[in-house]
1. Please identify the pairs in which a residue from region 83-102 that is without any contact (Cβ under 8 Å) to a residue 40 or more places away in the chain has its Cβ atom under 7 Å from the Cβ atom of a residue that is aliphatic (A, V, I, L, M) and part of a helix (DSSP H, G or I), counting only partners at least 6 apart or on another chain.
2. What's the total number of residues in region 57-89 that are β-branched (Val, Ile, Thr) and at positive phi?
3. Ala98 - would you say it is of a type outside the set (D, E, K, R), surrounded by 12 or more Cβ atoms within 10 Å (Cβ to Cβ) and not in a helix (DSSP H, G or I)?
4. Please identify the pairs in which a residue from region 16-40 that is touching a residue at least 24 places away in the same chain (Cβ under 8 Å) and within 30 Å of Leu52 (Cα to Cα) has its Cβ atom under 6 Å from the Cβ atom of a residue that is surrounded by 10 or more Cβ atoms within 10 Å (Cβ to Cβ) and among the β-branched types (Val, Ile, Thr), counting only partners at least 6 apart or on another chain.
5. Restricting attention to region 14-67, and to residues there that are in contact with a helix residue (DSSP H, G or I) (Cβ under 9 Å, 6 or more places away or on another chain) and of a type in the set (Val, Ile, Thr), which single residue is farthest from Ala86 (Cα to Cα)?
6. Exposed (fewer than 14 other Cβ atoms within 10 Å of the Cβ), out of contact with any strand residue (DSSP E or B) (no Cβ under 8 Å at 6 or more places or on another chain) and not aromatic (Phe, Trp, Tyr): does that describe Asp77?
7. Name the residues in region 7-46 that are under 30 Å from Ala100 (Cβ atoms) and among the polar types (S, T, N, Q), would you?
8. Could you list, in sequence order, all residues of region 47-74 that are out of contact with any Lys or Arg (no Cβ under 7 Å at 6 or more places or on another chain), closer than 12 Å to Val97 by Cα and surrounded by 12 or more Cβ atoms within 10 Å (Cβ to Cβ)?
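Quick note: the coordinates plus some simple rules give every number you see, no bench work behind them. All figures in this text were calculated on a predicted structure; none of them were measured in a lab. We place every Cβ from the backbone using ideal geometry, glycine too, and count neighbours over all the protein chains shown.
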Amino acid sequence: MDDASSAGPSAQEELQRLRASIDNVDAALVFLLAERFKHTGEVGRLKARHGLPPADPDREALQIARLRGLAEEAQLDPTFAEKFLAFIIKEVIHHHVAVART
């Protein structure tokens, strides 16, 4: 039977170690998203210059299917991965619409 006093500092140290790892992953995610949006920004400007529509449903469907497969391979809930990508795609399209208006 575990009791809080026997767990003591070692449980707190382990918690801090795990949280530090999570913080590192969060930082990497932010930088990866920033890099992704740099590229999608270029796509948006290209589409605007050539009068292409901001959204590409066929490409989006392919990406969602691809990401679901990657999620399964990584043992991540594919539905969560799809929702996450759908959120990103929505934001990218929003940026592409804004670029097209300027």
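1. Matching pairs, first to second residue: Leu85/Ile64; Leu85/Leu67.
2. Going through region 57-89, the residues β-branched (Val, Ile, Thr) turn out to be 64, 79, 88-89.
Then keep just the ones that are at positive phi; that gives none.
The total comes to 0.
3. Details: of a type outside the set (D, E, K, R): yes; surrounded by 12 or more Cβ atoms within 10 Å (Cβ to Cβ): yes; not in a helix (DSSP H, G or I): no.
Against the criterion (of a type outside the set (D, E, K, R), surrounded by 12 or more Cβ atoms within 10 Å (Cβ to Cβ) and not in a helix (DSSP H, G or I)), Ala98 does not qualify.
4. Partner pairs satisfying both residue conditions: Thr40/Val92.
5. Per the criteria, the residue is Val43.
6. yes
7. Of all residues in region 7-46, those under 30 Å from Ala100 (Cβ atoms) come to 29-46.
Listed by number, the list holds a single entry, Thr40.
8. Lys47, Ala48, Leu52, Ala55
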